[in-house]
1. Where the accessible area of chain A is counted over protein heavy atoms with a 1.4 Å probe, how much of it, in %, is carbon and sulfur?
2. Can you list the HN-Hα couplings for region A:263-272, worked out from phi with the Karplus curve (6.51, -1.76, 1.60; θ = phi - 60°), rounded to whole Hz and with x for Gly and Pro?
3. Which distances, in nm and shortest first, link the B:Lys6 label point to the same label point in every other copy, taking 7 Å along Cα→Cβ?
4. Using the crude model of +1 on Lys and Arg Cβ and -1 on Asp and Glu Cβ, and no other charge, please compute the dipole size for the protein assembly as shown relative to its Cα centre, in debye to 20.
5. Nearest 100 Å² is fine: what is the total accessible surface buried where chains D and A meet, probe 1.4 Å?
6. Which of the residues in region C:155-175 show a loss of at least 50 Å² in accessible area from their chain by itself to the complete set of protein chains, at a probe of 1.4 Å?
7. From the phi of every residue in region D:296-304, what ³J(HN,Hα) in whole Hz does the Karplus formula 6.51 cos²θ - 1.76 cosθ + 1.60 yield, where θ is phi - 60° and glycine or proline is x?
8. Looking at chain D as a GNM with Cα springs under 10 Å, which of D:Ser345, D:Ser306, D:Ser231 has the largest mean-square fluctuation?
Amino acid sequence: MSDIEKAIAGDEPSLVPYVTAGDPEPEATAEYVEALAAGGADVIELGMPFSEPIADGPTIQNAIQRALAAGTTPERFFEIVETLDVDVPLVCMTYYNLLYQYGDRKEGSDYERLRPFVRRAAEAGISGLIIPDLPVDESDPLREACDEFGVDLIFVVAPTTTDERLEAMRERVSGFVYVQARLGTTGAQADVSDATHESLARLAEWSVPKAVGFGVSEREHAEEIVATGADGVVAGSVFVDIVAEGDADEGTVAERLEAKAAELKAGALDGADERSGKVTDGAR
Amino acid sequence: MSDIEKAIAGDEPSLVPYVTAGDPEPEATAEYVEALAAGGADVIELGMPFSEPIADGPTIQNAIQRALAAGTTPERFFEIVETLDVDVPLVCMTYYNLLYQYGDRKEGSDYERLRPFVRRAAEAGISGLIIPDLPVDESDPLREACDEFGVDLIFVVAPTTTDERLEAMRERVSGFVYVQARLGTTGAQADVSDATHESLARLAEWSVPKAVGFGVSEREHAEEIVATGADGVVAGSVFVDIVAEGDADEGTVAERLEAKAAELKAGALDGADERSGKVTDGAR
Amino acid sequence: TKFGEYGGQYVPEVLMPAIEELTDAYERYVLENEDGFMDEFRERLADFGGRPTPLQRADQLSERYDADVYLKREDLLHGGAHKLNNALGQVLLAKYMGKERIVAETGAGQHGTATAMAAAHLDMPCEIYMGRRDINRQRPNVFRMRLNGAEVVPVTVGRGTLKEAINETMREWATSVEDTHYVIGSIVGPHPFPRMVRDFQAVIGEEAREQIQDKAGRLPDSVVACAGGGSNTMGAFHEFVPDAEDGDTTLFAVEAGGEGLFVDEDEGVAPHSASLSSGDEGVLHGARTKLLQDADGQIVESHSVSSGLDYAGVGPELSYLVDEGHVTPVSVDDDAALEGFHRLSQVEGIIPALESAHAVAFLEQQLGPDGVPAGTAERDLGDVIVLNLSGRGDKDLESAIEETEKRDIDAAPDMGVFHE
Amino acid sequence: TKFGEYGGQYVPEVLMPAIEELTDAYERYVLENEDGFMDEFRERLADFGGRPTPLQRADQLSERYDADVYLKREDLLHGGAHKLNNALGQVLLAKYMGKERIVAETGAGQHGTATAMAAAHLDMPCEIYMGRRDINRQRPNVFRMRLNGAEVVPVTVGRGTLKEAINETMREWATSVEDTHYVIGSIVGPHPFPRMVRDFQAVIGEEAREQIQDKAGRLPDSVVACAGGGSNTMGAFHEFVPDAEDGDTTLFAVEAGGEGLFVDEDEGVAPHSASLSSGDEGVLHGARTKLLQDADGQIVESHSVSSGLDYAGVGPELSYLVDEGHVTPVSVDDDAALEGFHRLSQVEGIIPALESAHAVAFLEQQLGPDGVPAGTAERDLGDVIVLNLSGRGDKDLESAIEETEKRDIDAAPDMGVFHE
């Protein structure tokens, strides 16, 4: 069982927050990550900025643009990761082309071209990868490199994913499965779809833990997701919004990140209680 | 022999100046016509303004536009003519549509529709008509009306006119034949083409006198034309320009019209002398 | 040289030889196909111009009007309108005649651009006379002419619009007839222009008559075309005139009703361009025809939201066919034309020229849910309708939007957010 | 799903079912003509689009280059460019699939206008995503889309240009895949788009291959087409690929050389769009292909005087055919393209799109009096050349004139007096 799997599948429901590394500048990221950990994050997703983020909504697109403008190259990303002083596992979310082009080698098999990235990621302290534009059918070379360096490869399951594709993912996934709660790309929205329940039901027999995301911004969302049966809650845009707003009267970015993480974590805990039958403050 | 024919074919070479009636306003025309007569004009051409003067150059187009803007309708034109106190024959130059639409009768044969205009013209004191957009092939109805009321119908001969068309004109022309000295529409230009000589040669046997125009603005032009064998000189734009300039330090419009007419007349007289063998001041 | 009493050659004597030379060339090359002129013309029309143009069934208009409406797609011709048929024919004829230079006048610039294209294609020097004011109003078309290598000569006399440009081109032609051909843009002017331009444009109706019989299995009940000078009109109608004489097909010439069919004698203005519907016989620009004039015979200023229809005269042949009862003149006003512009754009995905939008509007006027059928027109439109879509509307975007904003046009999209 | 190692389906999981559904529909309707789909498509392309487009011998270019130069006149297609072939195919396919709504992205607006036309023609609601900055730069195309009834959705994220519009359309599609089809505008994106768009565009080459054999009596020595994303390129080439494999015909893909074939890593900018000539393999917008990127794999900003070629990637099939040696990538720079624009306008009477002007410029570069032939290209162009004239230049008038004024272009006319 990998670190990530342990962190998510533990006794408590888990929180997986996301921020874009290097947003608004590389120097800021360490403080933000530490704040999220302090707020109760169990695993932290760090976005490595790519110029064409087709799976991300406007909020994260803008964060990525800020990070790129501030010079957050893949190498700089790894340097940031190396400086982090947190004891939660870190997941790198980025796009396939950055893995493919990493390093000096510009030819060879996919496996050979992906290896340098995965090795560097493992060395820097990355425990897992989410590559939203890499379909499971194309993932074997990366899977092989991840296995070699002990890095988890996390897949996203959508409400529309076919059974056949689910089976292909089940054979290859590790760490956790990222359940997309509704159609669309990333972005904070007020509702969490009923589709969550259905999606989780389809994954009931899977051995890896399930974290549900896309649209989580409030304590109640987290509670509902966990009550529905998820092992963890993924939230991104809500944290990126805090970074985008900057320090404010209500607190510094770090303070507000920590508070939001704590809020969502509390929601998740409420959801777990609810699932196990206890009525909590947050339950309606 | 009509008045016009007599005036042009007399012993002296003749001058046929043109102004647009009603330019710049109907009240001005009488003074200008009298000035031209005083300057030595033998026949005076009066333009009746038509909205689409396709045979006229920019100078006369603008004069026509001024006259129209000042309210110079065909009826007003005739009223102007009626007030004139000159003893030279007057020719009306205008376009076919104004003849065709004159009067209340809006149907019938061409002859029936043209008759009212010609009768009114004759009554007002017009001795001849020049209708530059009426080709000789279409002119019989107007010829008939002109004959009825004793009005001359003058045709324009161009350097390019075919022998066949010349013959048709010869059969129908009266008053004088208007010889276009060069290709183009009306307008003052510095040169008078060699084509004049050639054109006159083609008309040598005609019984009506020949007046040559298009581009006459200086004494030398008139001289050259008459020396070449013409009975008269037609000049338009040079007089219209004087009207357009208005009263000036060098004299009123009427004074300058008279002076220019006298200059051209003198040139014509020089030309006649030259033709009969005498050397004059103006000869080169 | 005439159509009944219409037509003729009412031009200054200096132009007569050129017109006689042209008449001779027209008879030999066009009518008798001497030296294979017509073969070359048709081949160039196909390869350079894009003929044949389709006859397309307009599915949504057909449903709306419960009739089979077919569009003759002259908008797809090179240059974006039927104008090229004529310009190419005349420039080629000038070449056969040994002329070395082309002049033409243009108002909105459509005929000028077509002539410039044809002249470039056939390697003929070309000068386009255009009123100064029109040059300023029609910059994209000026650019197109210049890009095609034509000289654009500004005409500054008078108001600087089409009629001054016509006068100036006539004048220029008069000084250069020996080596120069004047490409008149419509079925107007002295003989042989009305007949010759019609013959060059007749390919529209020739194709359409064959195509409709292929597609509908029979002759159309009606053919509808907008009419300004009338070249697209006669082009579409010519082949159907015998059918009209036989009573099989009704030919509707849709004129620009502008803001109403009257003449303001005091101002010398007609707020429309409906010479066939409301004009009187007279002589203009070399031909006897129906035209808009005041009681004295002065030509009045016409008006239309569509600059291509904005002309006080009309081709003499159309005047004749109207008098003979073979062509039915009708009109739609500016508002209706704009609505037709928007309707066709939205329901068929074709942005029509504002000229052609008049023909579209006539269907709505007669057959639409709120239509006001005039006389027997509704009945005569029948079940199978051919509408000549004479040109595309790209040239009209700005003015159509501007004119739309002045009015309350039901079908119009909201441009507010995009229009600065 | 691939062409050799290129292509694939590198998209978020949420889009996979839509892509699988589309793949299934593509195979049934397009490849197997189920329910007569391809018959209806071809019929609509003919009647609505104006196919076949002519293959015209360009007399004056032929003389200049001492070769038979033929122009495939896609500029005459409805809308003014080859784009409609694809847009009509996809909107019709969406209808066969039971979709109720169309979304598309557009940069300069050409694909958006073609899609809006096709959607209006087929009565499908349509939303076009367009960057805010592009909306302001391309107003006439915005008007055309709106007139055709499409919603134009401004994308304000980032710089407000094409790539943000693509992201936003993908995102929109991800939330509405069940009833919505995303009409991709070129042979890019995940399978089946590159193959399907190529099949819709292949009609260009199918016609041209037949036409050239009719006219020249044999296969061409070369086919020349500009290449941005590459849809007109593959459309022109596809039917000739077997001839290229046999060594009979050389296929030249002319890329936008912009201001030079390099990448400024510091600025993240490539002052050109020549992915085939100078790009490296990578993954962009759903497909593995050659693209312009920095050493890290970040996509750089491309550049071309022609907005339709201004794209950092290229269709995966072209990448494959280049590697296999069946397509020869070449490039001409901005200046040469502008000169090509003016040359064709003046000597053939056809104002080309700035995209297509690149193909014209390649002939001059290789065969012109001051040409600088590259490698064997001059020889390979041969005696019979087919040049795909992918679109007309009306959309480019203002920018072509503006760009010309910045430079010293020999062939350009003086616009000073008309350009305020």
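1. Working: 4470 of 10330 Å².
Carbon with sulfur: 43 percent of the solvent-accessible area.
2. With coefficients 6.51, -1.76 and 1.60, one gets 4, 5, 4, 4, x, 4, 4, 4, x, 5 Hz.
3. Counterpart label points of B:Lys6 in the remaining copies fall at 13.6 nm.
4. Details: 116 positive and 266 negative charges, 247 e Å.
It works out to roughly 1180 debye.
5. Values: alone 16520 and 11910 Å², together 25200 Å².
About 3200 Å² of accessible surface is lost on pairing.
6. By number: C:Val157, C:Asn167, C:Arg171.
7. 7, x, 6, 6, 9, 6, 8, 8, 7
8. Per the Cα network of chain D with a 10 Å cutoff, D:Ser345 tops the list.
The values are calculated or read from the model by the stated rules, or taken from the named source; none is laboratory data. What you are looking at is a predicted structure, and each value in this text was computed from that prediction instead of being measured. With ideal geometry, Cβ positions are generated from the backbone for all residues, glycine too; neighbour counts draw on all protein chains shown. SASA here: full protein model, heavy atoms, side chains in, ligands and nucleic acids out. Shrake-Rupley method; radii C 1.70, N 1.55, O 1.52, S 1.80 Å.
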